[in-house]
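Step one of this worksheet: look at the structure below.
What follows draws every value from the coordinates through simple rules; no lab data is involved. Because the structure is predicted, anything quoted here is derived from the model rather than measured. All Cβ positions, glycine included, derive from the backbone under ideal geometry; neighbour counts span all protein chains shown.
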Amino acid sequence: MKILELKAEKRTVKRSKAVRKLRETGYIPAVVYGHKEDNVILSVNGAEFDRVLNAGVRMIHLTYDNTKESVLIKDVQYDNLSDSVLHVDFSRVSLDERVTLKVPIILTGNSVGVKEGGVLTQAMKSIEIESLPTAVPEDIKVNVSDLEIGKSIHVKELPVMENIKYLSDADAVVVSVHHAAEEKIVSEEELLAGPEVISKKPKEEAGVSEES
Amino acid sequence: MRLMPKRVKFRKSQRGKIKGNATRGNTVSFGEFGLQSLEPGWITAQQIEAGRISAAHSMPKESKLTIRIFPHKSVTSTPIETRMGKGKGEPEFWVAVVRPGTILYEISGINEEGARETFCRIAHKMPVKVRLVRRRRTF
């Protein structure tokens, strides 16, 4: 796995208003934590961080204030409407210590079952793995070309990779091919009747309560 | 397809106000591409269904469309040529309340070009401005 360099600066501004101004200047607020050391709040250049994200790497050599640390991108917060990065979490790692993280599962090939008219469902889009920081794969490729209708691939059938341990349940389904579900036809009467009202008491019960 | 609740606590509801952006249902969760609303609004059950049908015409067989919204809210109206008063009208149709950022539809098993074409067809049926969004990396 590639390890890229990223420069950061120590940050003094904390409050949301000040952080918003920081974002306007093209910087992204960030934090480094872990390894029983103090948390350090930082700011990283937005364009530089985008370059790192687009390269698909997770491990970074972060440099700030004459300090160089090996960190893992732990979390990235986005603004859902503008797609801009709001905040980044970095987690300190030792290069010889195993880390736990999620890796996306990518399907390759055209399934036999789909050609026969089945529907392919990927139940697991990402999987939790334990590995050395230097051996973290960008993604896990699963070949589905032999997958027939009614068959599925489980976690235990995923490709075995050196220094990587899958932490998810071994019997959990990753991807399956099944028959397309038939659409339920609702009669016009049912549609016109509208939904049932929960609070309405049945007539018999109401009658009993009136008598008593 | 029945796009209305099976059971409700109250048949009629007040109109309400749509404030702010979506804080839930705003990320692509089931597919590779999503259609995101950029405006607040009500999307009727008919419009949701029209979007689904128009998408089905252009989608390849192996792709899958997921509808992320559901019309939970009833809208009432009084019949035409009715005098004022006599209480609230009867439920006429059902709507889904969407905020800017809500993911309306998701699609999987298709390339970006195909997804764009499908979502373009759906967008013509929507009463709000929309855009295509991609699934984000997992961390």
What's the FRET efficiency of residue A:98 with residue A:47 using the Cβ-Cβ distance as r and R₀ = 22 Å, to the nearest 0.05?
0.10
Sorted from largest down, give the three principal axis spans of the alpha carbons of the protein assembly as shown, whole angstrom values.
80, 55, 52
Apply the Karplus curve 6.51 cos²θ - 1.76 cosθ + 1.60, θ = phi - 60°, to the phi angles in the stretch B:115-124 and return the couplings in whole Hz, x for Gly and Pro.
5, 5, 5, 5, 5, 5, 5, 5, 4, 5
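Taking every DSSP beta bridge that has both residues in the stretch A:4-93, what percent is antiparallel when rounded to the nearest 5?
Values: 23 of 31 bridges.
Taking every DSSP beta bridge with both residues in the stretch A:4-93, the antiparallel ones total about 75 percent.
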Running a GNM on chain A with Cα contacts under 10 Å, which residue among A:197, A:103, A:177 ends up with the highest mean-square fluctuation?
A:197
Would you kindly compute the Cα radius of gyration of the stretch A:60-125 and its largest Cα-Cα separation (Dmax), both in Å?
19.0, 61
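Which value at 222 nm does chain A reach when only helices count, each DSSP H run of 4 or more adding -39,500 (n - 2.57), with the total divided by all residues and rounded to the nearest 500 deg cm²/dmol?
Working: 5 runs with 37 residues, N = 212.
The helix contribution divided over chain A gives -4500 deg cm²/dmol.
If r is the Cβ-Cβ distance from residue B:10 to residue A:25 and R0 is 56 Å, what FRET efficiency results, to the nearest 0.05? Don't jump to the answer; show the numbers that get you there.
Numbers: r = 50 Å, r/R0 = 0.90.
E(calc), rounded to 0.05, equals 0.65.
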Quick one: what are the phi-derived ³J(HN,Hα) couplings along the stretch B:77-83, Karplus 6.51/-1.76/1.60 with θ = phi - 60°, whole Hz, x for glycine and proline?
8, 8, x, 5, 6, 10, 6
Taking only C-alpha pairs under 8 Å that are 6+ residues apart, what is the relative contact order of chain B in percent?
42
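Taking every DSSP beta bridge with both residues inside the protein assembly as shown, roughly what % is antiparallel (nearest 5)?
Details: 61 of 76 bridges.
Around 80 percent antiparallel, to the nearest 5.
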Computed log₁₀ I(q)/I(0) - Debye formula, equal Cα scatterers, no solvent, the stretch B:1-63, q 0.15, 0.22, 0.24, 0.26 Å⁻¹:
-0.75, -1.31, -1.35, -1.34
Note down the net charge around residue A:30, summing +1 for each Lys or Arg and -1 for each Asp or Glu among other residues with Cβ under 9 Å from its Cβ.
0
For residue A:2, give me every one of the lysines with a C-alpha distance below 19 angstrom, ignoring sequence neighbours fewer than eight places off in its own chain.
A:68, A:74, A:102, A:141
Karplus 3J(HN,Hα) series, Hz, for the stretch A:12-23 with 6.51 cos²θ - 1.76 cosθ + 1.60 (x for Gly, Pro)
9, 6, 10, 5, 4, 5, 5, 5, 4, 5, 4, 5
Around residue B:4, which amide H atoms from residues at least 5 apart in sequence, or from another chain, sit under 5 Å from its own amide H, with H modelled in the peptide plane?
none
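Using the number of other C-beta atoms within 10 angstrom as an exposure proxy, rank A:196, B:113 with the fewest first. Write out the running numbers ahead of the final one.
On the way: A:196 11, B:113 8.
Final ranking by Cβ density, sparse to dense: B:113, A:196.
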Inter-probe distance in nm under a simple model that places probes 7 Å from Cα toward Cβ, at residue A:10 and residue B:116:
4.7
Enumerate the aspartates and glutamates that residue A:36 could reach by cross-link, defined here as Cα to Cα under 19 Å, with residues fewer than 8 away along the same chain left out.
A:69, A:75, A:89, A:96, A:97
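Partner chain Cβ atoms within 10 Å, averaged over the residues of A:64-76 - can you pull that number for me? Please list the in-between numbers first.
Numbers: counts 0, 0, 0, 0, 0, 0, 0, 0, 1, 2, 1, 1, 3.
That average works out to 1.
Convex hull volume of the Cα atoms in the stretch A:4-93, per residue, in Å³? Walk me through the numbers before you get to the answer.
Values: hull volume 8.5 nm³, N = 90.
Enclosed volume per residue, from the Cα hull, is 95 Å³.
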Give me B:94, B:42 sorted ascending by neighbouring Cβ count inside 10 Å, so fewest comes first.
B:42, B:94
GNM of chain B, Cα pairs under 10 angstrom: of B:126, B:59, B:84, the biggest fluctuation goes to B:84
Spelling it out for residue A:86: with amide H atoms placed in the peptide plane at 1.01 Å from N, the residues 5 or more places away or on another chain with amide H under 5 Å from its amide H are A:77, A:78, A:79
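Starting from the alpha-carbon convex hull of the stretch A:101-178, give the projected area averaged over all orientations, in nm².
On the way: hull surface 18.7 nm².
Seen from a random direction, the Cα hull of the stretch A:101-178 projects 4.7 nm² on average.
On average over all directions, what projected area in square nanometres does chain B have, based on the convex hull of its Cα atoms?
Dividing the Cα hull surface by four gives the mean projection, 10.5 nm².
Treating only the Cβ of Lys, Arg, Asp and Glu as charged (+1, +1, -1, -1), what charge dipole size does the stretch A:4-93 show about its Cα centre? Round to the nearest 20 debye. Write down the numbers at each step before the final one.
Values: 15 positive and 13 negative charges, 62 e Å.
Approximately 300 debye in magnitude.
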Chain B: angle of helix B:45-58 to the longest principal axis, Cα-based, in degrees nearest 10
30
For peptide A:81-89, what's the mean number of Cβ atoms from other chains within 10 Å of each residue's Cβ?
2
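Two-decimal Rg/Rh of the stretch A:41-191 from alpha-carbon positions, Kirkwood Rh? Before the final figure, lay out the partial values.
Values: Rg = 20.7 Å, Rh = 18.5 Å.
Ratio of gyration radius to Kirkwood radius for the stretch A:41-191: 1.12.
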